[in-house]
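Readers should treat all values here as calculations from the given coordinates under stated rules, not as data from a laboratory. Since the structure is predicted, the reported quantities are computational estimates derived from the model, not experimental observations. Cβ coordinates were reconstructed from backbone atoms using ideal geometry, including for glycine residues, and neighbour counts include every protein chain displayed.
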């Protein structure tokens, strides 16, 4: 690969990473106004959830569609990070990219189920149509708020893969510029903290009712990481522009 080809590819990836970060932040803001489950979530009665899903099918589907956008855009940021650490540690870059790909699979399954399956199950249960008994059982298994449901198990698998990604990239990402340092330290903390909370859960030191709050508090730090990488990608674009002008 020539220097110019490398510069062009760097520019494309920086632009992709920058706009992925922008889309993620926008989708995160939108998610504040879109419900993902019945009010009360974890403690809500099953009958109340069925009624709520039927009455709010549109916003439920919209909310989870927005979650897919958020997940894919965050994955775009991660791929940009994997590219940036490639010059420092190619092996970690390859491994981290593979982890991101697997996390996309882990996350897309439950989110597609939320859009496609859950509304249909709720409608069948409410109307008592053919298959209502099976639909009722499946709706319990696919509860989007209970931490130990089949649905949320996929989500937490995806979050664990994010934590592994953070541990893989934190060292190589740490660089001279402030934004890279902030991104590296933040994601490194997320990776360590997630596994610490996971250990507390497995050892019985964390109650089931506290799982969501504990893990979501850890991953709230990802917003700092995304903002730092947005600045890093933007600076990369400006640097590539200068190189292109110099070559001309």
Practice prompt. Taking every pair of alpha-carbon atoms in the stretch 37-122, give the share separated by more than 16 Å as a whole percent.
Written response: 62 percent
Practice prompt. Compute the Kirkwood hydrodynamic radius of the stretch 104-202, taking the inverse of the mean of 1/r over all pairs of distinct Cα atoms, and give it in Å to one decimal.
Written response: 15.8 Å
Discussion item. Output needed: percent of Cα pairs per 10 Å distance bin for the stretch 137-190, bins running from 0 to the one holding the longest distance.
Written reply: 26, 30, 21, 17, 6, 1
Item to complete: For the stretch 191-233, count the residues as N, evaluate 2.2 N^0.38 Å, and divide the Cα radius of gyration by that value, please.
Response: 1.43
Discussion item. For a protection proxy built on the mean count of beta-carbon atoms within 10 angstrom, sort 188-195, 215-222, 165-172 highest first, please.
Written reply: 165-172, 188-195, 215-222
Worksheet item: Using the alpha-carbon atoms, what tilt in degrees (0 to 90, nearest 10) does helix 46-55 show relative to the longest principal axis of the chain?
Response: 70 degrees
Worksheet item: Where the centroid of each part is defined by its Cα atoms, how far is the stretch 215-231 from the stretch 81-110 in Å?
Response: 17 Å
Worksheet entry | Solution diffusion estimate, µm²/s, Stokes-Einstein, the stretch 3-247, Kirkwood Rh from C-alpha pairs, 10 °C, viscosity 1.306 mPa s | 82 µm²/s
Response to the item:
the chain: relative contact order from alpha carbon pairs under 8 Å, six or more residues apart, as a whole percent, is 23 percent
